[in-house]
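Structure first, commentary second.
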There are 2 protein chains.
Amino acid sequence: MGLLLLAPLGSIVALLFAWYLSRTVLKKSEGNDLMKEIAKAIREGANAYLKRQYSGVALFFAVMFVILLIIALRGYLVIFVPFAFLTGGFFSGLAGFIGMKMATNANARTANAASESLNSGLRVAFSSGAVMGLVVVGLGLFDLSFWYYFLSWWYRALPEAARIQNVTSAMLTFGMGASSMALFARVGGGIFTKAADVGADLVGKVEVGIPEDDPRNPAVIADNVGDNVGDVAGMGADLYESYVGSIVATSALGVAAGYGVDGVTVPMIMAAVGVVASIIGTFFVKSGEKAEQKTLLKALRRGTYVSAGLIVIISYFLVTSILGKENIGVYFAILIGLLAGIIIGLSTEYFTSDSYKPTKELAGTSLTGPATIIIGGLSLGMLSTIVPVVVVAVAVLASYFLSGGTESFNKGIYGVAISAVGMLSTLGITLATDAYGPVADNAGGIAEMAHLPEHVRERTDALDSLGNTTAATGKGFAIGSAALTALALIAAYKDEVDLIVKKEGLSFNMDLSILNPTVLIGLFIGGMLPFLFSSMTMKAVGRAAQNIVFEVRRQFKEIKGLKEGKQGVKPDYAKCVDICTRGAQKEMIMPALLAIIVPIIVGLTIGVNGVAGMLAGSTVTGFVLAIMMANSGGAWDNAKKYIEAGNHGGKGSDSHKAAVVGDTVGDPFKDTSGPSLNILIKLVSMVSVVFASLVLHISLFK
Amino acid sequence: MGLLLLAPLGSIVALLFAWYLSRTVLKKSEGNDLMKEIAKAIREGANAYLKRQYSGVALFFAVMFVILLIIALRGYLVIFVPFAFLTGGFFSGLAGFIGMKMATNANARTANAASESLNSGLRVAFSSGAVMGLVVVGLGLFDLSFWYYFLSWWYRALPEAARIQNVTSAMLTFGMGASSMALFARVGGGIFTKAADVGADLVGKVEVGIPEDDPRNPAVIADNVGDNVGDVAGMGADLYESYVGSIVATSALGVAAGYGVDGVTVPMIMAAVGVVASIIGTFFVKSGEKAEQKTLLKALRRGTYVSAGLIVIISYFLVTSILGKENIGVYFAILIGLLAGIIIGLSTEYFTSDSYKPTKELAGTSLTGPATIIIGGLSLGMLSTIVPVVVVAVAVLASYFLSGGTESFNKGIYGVAISAVGMLSTLGITLATDAYGPVADNAGGIAEMAHLPEHVRERTDALDSLGNTTAATGKGFAIGSAALTALALIAAYKDEVDLIVKKEGLSFNMDLSILNPTVLIGLFIGGMLPFLFSSMTMKAVGRAAQNIVFEVRRQFKEIKGLKEGKQGVKPDYAKCVDICTRGAQKEMIMPALLAIIVPIIVGLTIGVNGVAGMLAGSTVTGFVLAIMMANSGGAWDNAKKYIEAGNHGGKGSDSHKAAVVGDTVGDPFKDTSGPSLNILIKLVSMVSVVFASLVLHISLFK
């Protein structure tokens, strides 16, 4: 128990350092009045979004809370679950909120700092990203520690083995709140940002003929807000969910593996160690004045590698001292996870960066029109699934067998679960290098709108384009850890069912053979789920974008002097933001309900075996589809940029138009549907765990 | 054994009736000299294709034959397998060959008959389709009967139980030949037809500005050949494979279910009954003179429904008399299969026909450009997976439990397998209504090129557009039966492994739990396989199309007077056909090898459990992806036609251009990658079965 104190301590350290970093950022100047004004508009928009988002989600949480409470009062759930559902959701939302607050306060400051020097710009943007990264891990550790200590105290009368089992089993269900919130944030944010993006371009650039980022465009602020809403708040909630999910899944499996309290201690302290490693890593991020991709990338990577290196060293002592030298395999599992995340990130970079063959070739297919670049991009995305699938396959196999799978299934699967924790242990800093991207992007927009000198824009551009590369790495971690955690959750689900069966003296044994027809059917239904979900989210983006188009057209028509740029005439930015927000809130309901209702329906009809099959099916398809969508989308985006850089006819050519079509198709792929799938597959598992007892009692087939 | 004689008898009846039908078709006149000339060019092109295709595939079969022979001589395979591999491939290819021969002889005759009356046109086109349908089932039954009788004679010394086990187990591996051939035919044919289509349009229509189907276009014949090559020969080989596959899988499972010889008799005689029912059905296909979709559809459906009705009645007596009234559940499984096929077909029609909301809405998304129609089409395809998945899920569950799954797993899974046989029992006539489409399509092209009167073209158009609807139904059967057969093959694979283990006294038990890490990894790899395969086939179409573009450009440049249409100047049609063929042959190798090599590699590394997981994964993803691709593609095609019919601006408008982009993306979706996936998932299973013994002996993990 003593060592475990490191977890809340780590949480406090992370939050304090985040607070310190945010202070240093906020001390910087926001620049001239025009910059301040623009930044304020973006901030106001973001606040408008948050207000609406939280009132909508609060309603959902209230309803779910009541449902869970009823189920708990009927005895099918531990009474704490409804409450922990709330805290999970709350902290996940809070992490996104703080991250976004910081980002919207740092954009103008980054632009201003970049006018001094490249390194200053980098430091401001990166610091604001680090705030988000540290807030995510800090709040995550806080939530986990709180419940761990509270539950341990509550069950203090029980003998240790039973106590820890009750604690981890209850904690496992907490993930549902975080996952629900994350899904709303990702889907909602994704719809928002893409609706604003497409809407602003379609009317502003195409119909009215004003340049991008022009302050006359009523949707331009919504567009900039969107970057923060989707890429910062959405990602923050998403990774909070991944982080907490991987730790609770591992903890729950630790009991079955026979590690007792130590099984919980290791992942929790790993996370605390990660905090310290990440903080140390941030000090290594600084650059010279050459705005070269390579140099800048090196600067950012240095921080990540230092953190990773520290974790490699510290976790060795951690594992061997807590679990003993005979369980050194767990340490290897952590390393494997860390390595797998890096390889998946590199593979994403290879398939989506225009420095490599795939995207260069894709750009070439634009010469024969939009159809061929679409086919090419889909084909590229499909092909790109091979590396992550093989890496995850090898990682699962290696971490399973190295951590003792041959003697004990539970030890093996604990290894798989902890490899996800290993992958996410550097989250504080990887998230920092990821979240800094949209800040730099916003800074570029502000530099443009505020007519700052050319070299400022050049610097922010260098920072921004680097953000695309680091985002690829970030996606690797998000997607890889999602697969591993989802697999661990299937095992945890089985443990949970077995536990309930034992507790309640039911005569039931799970039969998870793929030839069991209910498992088989579950596989099919689960396999279809990500397709259905993606269908809904893609359509949602289309509909929301249409509403923005109508509003922007209306404002240009009704507000006199707006188009002409008359002094003092301002468009109603907040209205566009509000429409995006309303659209996003409305459209995110159905996909989220799908994720919650399907596992319950499947459970009630084909029982817990069917649910397990469904989890496996959705994990497999969701993983593959998520990679495909992310990489197709990323490659289309960069193929367009490659052409804009003067290749294949350059900007304005037919091939550029074709590439724009590809990029637009890719938008919902990479920023809405794709990243949401990572959350979907875990939320489905979490819901299944929470409803396991209910399903066991009243399902048709058992 | 007596009743089983119905199988070869059915085969002979089918082939004789096909011969009779072909005679009646060939007696009709091909029309005027110009029509004859065009038809001859298409025929020559088709022959050129076949020549090349068969020489390429023959090489593959020779190599595989030697490999299988070596494995067999080493004792890891029954010695007949290499030979049956050849006959399976030979008959599958032969079915496609005869079907295509017939189709290329019937196109001009259909055009000519249509100038007499609509009903005459319908009869000629339909009869030629029926020839193909009957040849497929006739040759299938012939191949099956031959091997059944031969092997029963060979193993005559064994007691009945052991004999039938040896026979069915050997027959199971025969499917590999048929599936390999089918994959080559589908992939090759699909690449050919789409390369020619895209190439002809891109240069002819866009660059040179001559109308579609203009005889000056060097690729126009290749385009028409393509319809026959892809939609007739490819489909014939494909459904031959489905037909044979479902019967051998069911037979193999019959032994484990404890039905002995009867377990083989039922599916074989079901097939024979299907032949008779299909032949009777053909007599009910005739129409009046009103060229209305509804009336014509009724005419074709009447034939299918009569056949289905007959099967519903006869199979009741068949099942109860052979298996006894206590096994009436098997009869229900057959009905469920039949019904499931019809529902999937209707769902395909709903999602892809422009008479319904989804495609109409999709056409509307073209108003905002190509990107939105692409997103809309992908979203539609993804959404459309829900019905087939739920139908297959319910069908599996119902046929499993109704046919005795509660007492015996093997009886239940036998029910699942035979439901696929039920689904395909009307194949003779469903394939006829399907294969008649490309004939009508070709007839329309000939009517256009030969300047026949307007009303002839109207009639062939009516027949052609009906073909799109019946093709949707056909796809329902192909895809639904593929899923059911693939599931049955997983069970058959397990039986096979168990058999080998028992025979050779190995100490090994399969553990097919989804939590077994090798199974889990298998699921992932299997789940990725269809994505990888589709990536390759889509890229292949792109590359092959490019070669055609170059050749057509060359001919227009180098052949003097061609563009101007000078008397006596003819383009080199055969050259384009040859390029398409070469391209198709070259490009089909890698995807086919993938299907054969991956299961072997997976087996050798993660063992038979991993292979089973891989089979489940590829079945699930392959099924879902195949439906999505088929329906997205179909909907784009019909959305374009809907716009061409005068909606949303009609032909030549911006929305039409956007719809053309959608249609072009849909081409490889629906005619190359999508339909090949059905074969892929079965070929992978067949290969796994054939290599099971080898894998069991030398794999790393067991």
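Worth a mention:
- When B:THR352 is tested against the conditions (1) within 13 Å of chain A (Cβ to nearest Cβ); (2) in contact with a helix residue (DSSP H, G or I) (Cβ under 7 Å, 6 or more places away or on another chain); (3) touching a residue at least 40 places away in the same chain (Cβ under 8 Å), the lone failure is (1).
- Count of the range B:592-603 residues, restricted to those that are in contact (Cβ under 8 Å) with a residue 12 or more places away in the chain and within 12 Å of chain A (Cβ to nearest Cβ), is 3.
- Within the set A:GLY662, A:GLY634, the sole residue that is assigned to a helix (DSSP H, G or I), modelled with pLDDT of 90 or more, closer than 22 Å to A:ALA195 by Cα and more than 14 Å from chain B (Cβ to nearest Cβ) turns out to be A:GLY634.
- Among the residues making up the range A:353-404, a single one is closer than 29 Å to B:ILE373 by Cβ and among the basic types (Lys, Arg): A:LYS360.
- Selection within the range A:506-541 - without any contact (Cβ under 8 Å) to a residue 40 or more places away in the chain and either more than 18 Å from B:MET614 (Cβ to Cβ) or surrounded by 22 or more Cβ atoms within 10 Å (Cβ to Cβ) (or both): A:SER507, A:ASN509, A:PRO517, A:SER535, A:LYS539
- Failed criterion for B:GLU458 (all others in (1) under 27 Å from B:ASN638 (Cα atoms); (2) touching a helix residue (DSSP H, G or I) at 6+ places or on another chain (Cβ under 6 Å) hold): (2)
- Residues in the range B:367-393 that are more than 7 Å from chain A (Cβ to nearest Cβ), in contact (Cβ under 8 Å) with a residue 40 or more places away in the chain and closer than 21 Å to A:MET528 by Cβ: B:GLY377, B:LEU380, B:GLY381, B:SER384, B:VAL387, B:PRO388, B:VAL391.
- Figure legend. Inter-residue proximity from the range A:192-215: first residues closer than 20 Å to A:LYS670 by Cα, second residues surrounded by fewer than 19 Cβ atoms within 10 Å (Cβ to Cβ) and hydrophobic (A, V, I, L, M, F, W, C), beta-carbon distance below 9 Å, spacing 6+ or different chains. Indicated pairs: A:GLY199/A:PHE550.
- In a residue-by-residue description of the range B:684-702, the property of being away from chain A (no Cβ under 14 Å), touching a helix residue (DSSP H, G or I) at 6+ places or on another chain (Cβ under 7 Å) and charged (D, E, K, R) applies to no position.
- Out of A:GLY56, A:GLY31, A:GLY10, A:GLY45, one residue alone is under 29 Å from A:MET268 (Cβ atoms), in contact (Cβ under 8 Å) with a residue 40 or more places away in the chain and in contact with a helix residue (DSSP H, G or I) (Cβ under 6 Å, 6 or more places away or on another chain). It is A:GLY10.
- Given (1) away from chain B (no Cβ under 14 Å); (2) in a helix (DSSP H, G or I), number of the condition A:LYS651 does not satisfy: (2)
- Residue match in the range B:547-565 (condition: assigned to a helix (DSSP H, G or I) and within 10 Å of another protein chain (Cβ to nearest Cβ)): yes
- Residue that is nearest to A:VAL620 (Cα to Cα) [pool: residues in the range A:547-559 that are touching a residue at least 60 places away in the same chain (Cβ under 8 Å) and not hydrophobic (A, V, I, L, M, F, W, C)]: A:ASN547
- For A:SER673, the conditions (1) crowded, with 24+ Cβ neighbours inside 10 Å; (2) at pLDDT 90 or above; (3) more than 11 Å from every other protein chain (Cβ to nearest Cβ) all hold with the exception of (3).
- Residue in the range A:387-401 that is aromatic (Phe, Trp, Tyr), within 26 Å of the chain's Cα centre (by Cα) and over 20 Å from A:GLY634 (Cα atoms) present: yes
- Filter result (assigned to a helix (DSSP H, G or I), of a type in the set (S, T, N, Q) and under 17 Å from B:THR469 (Cβ atoms)) within the range B:314-368: B:SER347, B:THR348, B:THR352, B:THR359
- Each residue in the range B:192-221 was checked for being within 13 Å of B:PHE556 (Cβ to Cβ) and part of a loop (DSSP other than H, G, I, E, B), and 7 pass.
- Among all residues of the range B:400-411, there is none that is within 11 Å of another protein chain (Cβ to nearest Cβ) and of a type in the set (D, E, K, R).
- Residue list for the range A:55-71, filter: surrounded by fewer than 17 Cβ atoms within 10 Å (Cβ to Cβ) and within 30 Å of A:ASN217 (Cβ to Cβ): A:SER55
- Residues that are within 16 Å of the chain's Cα centre (by Cα) and under 30 Å from B:GLU504 (Cα atoms) are absent from the range B:592-600.
- The residue list A:ILE344, A:ILE311, A:ILE336 contains one member that is over 30 Å from A:GLY649 (Cα atoms) and more than 14 Å from chain B (Cβ to nearest Cβ), which is A:ILE311.
- Selection within the range B:604-617: residues that are in contact with a Gly (Cβ under 7 Å, 6 or more places away or on another chain) and more than 10 Å from chain A (Cβ to nearest Cβ). The member of this set that is nearest to B:ILE479 (Cα to Cα) is B:MET614.
- Residues in the range B:376-407 that are in contact with a helix residue (DSSP H, G or I) (Cβ under 9 Å, 6 or more places away or on another chain) and not in a helix (DSSP H, G or I): B:SER384, B:THR385, B:SER403, B:GLY404, B:GLY405, B:THR406.
- Residue satisfying all of: in the range A:488-524; away from chain B (no Cβ under 14 Å) and in a loop (DSSP other than H, G, I, E, B); nearest to A:VAL690 (Cα to Cα) among these: A:GLU504
- Scanning the range B:563-584 for residues that are at pLDDT 85 or above and either within 19 Å of the chain's Cα centre (by Cα) or over 22 Å from B:GLY45 (Cα atoms) (or both) yields a single hit, B:ALA584.
The values are calculated or read from the model by the stated rules, or taken from the named source; none is laboratory data. The structure displayed is predicted, hence computed values, not measured ones. Don't worry about glycine lacking a Cβ; one is built from the backbone with ideal geometry, like all the others, and counts go over all protein chains shown.
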